[in-house]
Structures are given as structure tokens and as C-alpha cells.
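Okay, so here's the structure we're looking at.
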Amino acid sequence: MSDIRNINWYPGHMNKAKKQMLADLNLVELIIEIVDARCPLSSRNPDIDRMCKNKYRMVLLNKADLADKNIGNEWKKYFEDKGISVLFLNSKNKEGLRNVLPKVKELCADKIERNLKRGIKNQPIRAMVVGIPNVGKSTFINAFCGRNIAKTGDKPGVTKGKQWIKVNSDLELLDTPGILWPKFEDANVGLRLALIGSINDNILIPEELAGSLLNYFKKEYPDILKKFSIEDELFETDISEMQFVTYESLMLDKVAEYYNCLKKGGSYDIVRASVRLLDDFRGGKLGRITLERP
Ligand SMILES: Nc1nc2c(ncn2[C@@H]2O[C@H](COP(=O)(O)OP(=O)(O)OP(=O)(O)O)[C@@H](O)[C@H]2O)c(=O)[nH]1
Ligand SMILES: [Mg+2]
């Protein structure tokens with residue numbers, strides 16, 4: 001697979017968004033960081049701890065409906081061991097949302113008390129919602145405040161500018177555009193972010209992503225391969241004499257067969273099959289899948 005580290009994907013608006021975020025940090029006391037529960041570490045901005053010192057912090061593991069439940073508990077422990085509060089969420093159907101406000105109040109209790117002592121009333125906690133593209137920041141905000149106020153979409157880069165949203169008299173949220181970092185030290189991080197849809201698909205090669213996903217299934221979720229009639233025997237095929245054939249390409253043939261993706265002459269349409277596979281993975285149709293363990 002070509003190295004995702006070499007992809008030049010960093011669009012200009014990301015640089016702008018990062019500068020904006022640094023400026024806006026002065027306006028808030030709480031950082032609500034949204035990550036994708038399918039890869040909670042890869043989907044965290046590595047700069048965030050450095051940028052958000054001296055702020056109250058919470059991490060929401062969103063899209064928990066798509067992630068593997070068992071591994072989720074390992075992640076919870078991972079963050080709590082670091083002293084970071086985490087909550088699991090499904091912002092799409094509002095599961096887990098009612099735990100958020102009490103957690104916010106608990107985290108910011110001393111600030112609320114200090115205000116009361118000083119006689120400052122009606123001063124809401126101001127929180128910035130941050131995270132990489134497409135993790136569900138805007139969907140969370142809409143669900144949380146019960147109004148469709150922030151624009152959402154199933155591709156990265158939907159939110160272009162910041163927007164203040166009043167949840168109630170106690171809390172105001174700042175929706176921000178997703179920010180990615182300019183380069184991935186670890187190619188697997190880039191791969192996971194591509195798989196969850198945080199990198200623009202236009203610059204990615206679907207067959208490569210799909211091939212990597214199938215390899216991951218082979219290791220971690222072998223039952224999913226069975227669904228595509230990819231049996232163990234396939235990996236015993238002697239491909240040493242065959243041109244352009246890899247185990248990944250053999251698996252992709254099976255996937256194309258399963259989805260009935262054929263070209264005019266009857267050969268497999270691997271690109272279309274790969275896009276279908278990625279869509280089904282992203283939409284949770286292949287089951288609850290987590291891409292990394294603590
Ligand atoms: N299954 C599932 N889908 C979700 C959840 N939260 C958000 N989504 C979907 O994820 C996609 C991205 O949601 P957005 O809220 O636009 O994401 P964002 O983080 O604001 O993205 P940018 O503004 O591009 O940075 C949309 O298609 C949402 O419907 C969730 O908890 N579960
Ligand atoms: Mg958004």
C-alpha cells in the first residue's frame with residue numbers, strides 16, 4: 001500500500017482553523033474533545049494536551065454505536081488512568097447525552113462556586129467543542145441542545161467557521177471546524193483516519209484502503225471475511241508465479257463478487273466494490289468494529 005504519510009492532504013482552511021482555535025482558547029474554560037470511539041487515540045489531535053493546558057477537559061467517545069463494546073471498556077480505563085473523564089456517546093440517536101451536562105457541572109464545580117462567592121450570577125460555562133473532521137462535533141451539539149443549529153454531513157470539512165450556541169443559561173458551546181495535523185508520523189494513524197472518513201476521500205485510493213481494512217479483519221475480525229466467502233484456503237493459494245495478484249487482490253475479488261460489482265466485460269469492478277465495502281464499514285453494516293486497542 002502506498003504510504004499515507006506522503007499524501008498531501010492538508011488543506012489551507014486547516015491552518016486557518018488551528019490559528020482560530022488557539023485564539024478562541026482564551027474565551028472558554030472547558031474543552032470538550034470529541035473523538036471517534038472506533039479509534040480514540042488516532043482520532044485525538046496530538047497537539048491538544050499542549051494547547052489546552054489550564055482548561056477543564058473532557059473526552060467524549062462518539063459513534064460508540066459503531067465501535068466494539070469490549071474494547072470500549074479498555075479505552076475507558078486508558079483515559080481514566082490518565083485522569084481524563086470520558087463518556088460514550090451516540091450523538092445520532094442521543095444515547096448517553098443526558099450524562100454530559102452533569103459531568104460538565106461536576107468538572108467545573110469550583111469555577112461555578114467561585115462565581116457564586118463573588119456574586120457573579122448568570123455567567124454560563126463556556127466550552128469549546130474540538131476534534132478532527134467528521135467525528136460528529138456538530139451532530140453532538142445539535143443533539144445536546146435539542147435544536148438543528150449546526151450544519152452536519154457525512155464527509156470531513158462540513159463546519160467551515162466557528163459558531164456560538166447557547167445550550168441553556170448555564171452553558172454555551174463553541175462549534176469549531178475539525179482540525180487535522182499536517183503529517184502523520186505513523187502510517188497506521190493516517191490509515192485509520194482515512195477509514196473513519198476524516199480525510200477527504202478525493203485524495204485516497206479506495207482499493208488500498210479496502211485492502212488494508214480486509215487485512216485488519218483477517219487479524220481481528222475473521223468472521224467478517226466469512227460473510228464475503230473469504231475462507232482460510234484463499235491464503236493458501238500459491239501466488240508466487242502470478243502477476244499482479246496479492247492476497248489483498250484475491251480478497252477484493254471476493255468482495256466484488258459478493259456485492260455483484262462487475263464491469264461491462266464481466267471482470268470484477270474492484271474500485272466500486274472497495275467503495276461499497278468502505279461505505280458499509282463506515283455505516284456500521286459490517287458490525288461493531290474498533291480499529292485500535294489501547
Ligand atoms: N453512527 C453514528 N453516526 C454519527 C454519530 N455522530 C455523528 N454521526 C455522523 O457522522 C457524520 C459527521 O457528523 P458531523 O457532526 O458533521 O461531524 P463534525 O465533527 O462536525 O465534522 P466537521 O464539521 O467536518 O469537522 C454525519 O453523517 C453524522 O450523522 C454517532 O454517534 N453515531
Ligand atoms: Mg461540524
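The values are calculated or read from the model by the stated rules, or taken from the named source; none is laboratory data. All figures in this text were calculated on a predicted structure; none of them were measured in a lab. Here Cβ is always computed from backbone atoms with ideal geometry, including for glycine, and neighbour counts include all displayed protein chains.
The single condition among (1) surrounded by fewer than 19 Cβ atoms within 10 Å (Cβ to Cβ); (2) at positive phi; (3) in contact (Cβ under 8 Å) with a residue 40 or more places away in the chain that LYS155 does not satisfy is (2). Restricting attention to region 171-201, the residues being on the phi < 0 side of the Ramachandran plot and within 16 Å of ligand 1 (Cβ to nearest atom) number 18.
Of the residues making up region 144-176, those that are more than 16 Å from VAL28 (Cα to Cα), under 19 Å from the mean Cα position of the chain (by Cα) and among the polar types (S, T, N, Q) are THR152, THR159. On inspection, PHE140 passes the criterion of being within 11 Å of ligand 2 (Cβ to nearest atom) and aromatic (Phe, Trp, Tyr).
Answer yes or no: is there a residue in region 123-133 that is part of a loop (DSSP other than H, G, I, E, B), in contact with a Pro (Cβ under 7 Å, 6 or more places away or on another chain) and in contact (Cβ under 8 Å) with a residue 12 or more places away in the chain.
Scanning region 123-133, I find at least one residue that is part of a loop (DSSP other than H, G, I, E, B), in contact with a Pro (Cβ under 7 Å, 6 or more places away or on another chain) and in contact (Cβ under 8 Å) with a residue 12 or more places away in the chain, so the answer is yes.
Conditions (1) within 14 Å of ligand 2 (Cβ to nearest atom); (2) out of contact with any Ser or Thr (no Cβ under 7 Å at 6 or more places or on another chain); (3) in a loop (DSSP other than H, G, I, E, B), marked per residue:
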residue	(1), (2), (3)
VAL100	no, yes, no
LYS103	no, no, no
GLY119	no, yes, yes
VAL158	yes, no, yes
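I want to confirm something. Restricting to region 116-158 and keeping residues that are out of contact with any strand residue (DSSP E or B) (no Cβ under 6 Å at 6 or more places or on another chain) and of a type in the set (Val, Ile, Thr), which single residue is farthest from ligand 1 (Cβ to nearest atom)? Among them, the one singled out is ILE120. Scanning region 48-97 for residues that are surrounded by 21 or more Cβ atoms within 10 Å (Cβ to Cβ) and charged (D, E, K, R) gives a single hit, LYS63.
Of LYS285, LYS263, LYS226, all but one fail to be within 23 Å of VAL35 (Cβ to Cβ) and either surrounded by fewer than 14 Cβ atoms within 10 Å (Cβ to Cβ) or in contact with a Gly (Cβ under 6 Å, 6 or more places away or on another chain) (or both); the exception is LYS285.
Residue check: is THR139 of a type in the set (Ser, Thr, Tyr) and assigned to a loop (DSSP other than H, G, I, E, B)? Give the steps one after another, and end with the answer.
On the way: of a type in the set (Ser, Thr, Tyr): yes; assigned to a loop (DSSP other than H, G, I, E, B): no.
Judged against the criteria, THR139 is not a match.
Residues of region 129-183 that are in the same structural domain as GLU95 (by TED's automatic domain parsing), of a type in the set (Phe, Trp, Tyr) and farther than 18 Å from VAL59 by Cα: TRP164 alone. If you go through region 205-238 and pick out every residue that is assigned to a helix (DSSP H, G or I), within 15 Å of ILE289 (Cα to Cα) and of a type in the set (Phe, Trp, Tyr), you end up with 2.
So which residues in region 56-98 are among the acidic types (Asp, Glu), within 15 Å of ligand 1 (Cβ to nearest atom) and not in a strand (DSSP E or B), if there are any at all?
Residues satisfying the conditions are ASP65, ASP68.
Restricting attention to region 46-79, the residues that are farther than 20 Å from VAL28 by Cβ, out of contact with any strand residue (DSSP E or B) (no Cβ under 7 Å at 6 or more places or on another chain) and without any contact (Cβ under 8 Å) to a residue 24 or more places away in the chain add up to 2. If only residues of region 161-170 that are out of contact with any helix residue (DSSP H, G or I) (no Cβ under 7 Å at 6 or more places or on another chain) and assigned to a loop (DSSP other than H, G, I, E, B) are counted, the one that is farthest from ligand 1 (Cβ to nearest atom) is SER169.
Would you confirm, using the coordinates I've provided, whether ASN148 is touching a residue at least 24 places away in the same chain (Cβ under 8 Å), among the polar types (S, T, N, Q), within 16 Å of ligand 2 (Cβ to nearest atom) and assigned to a loop (DSSP other than H, G, I, E, B)? For ASN148, the condition - touching a residue at least 24 places away in the same chain (Cβ under 8 Å), among the polar types (S, T, N, Q), within 16 Å of ligand 2 (Cβ to nearest atom) and assigned to a loop (DSSP other than H, G, I, E, B) - is not met.
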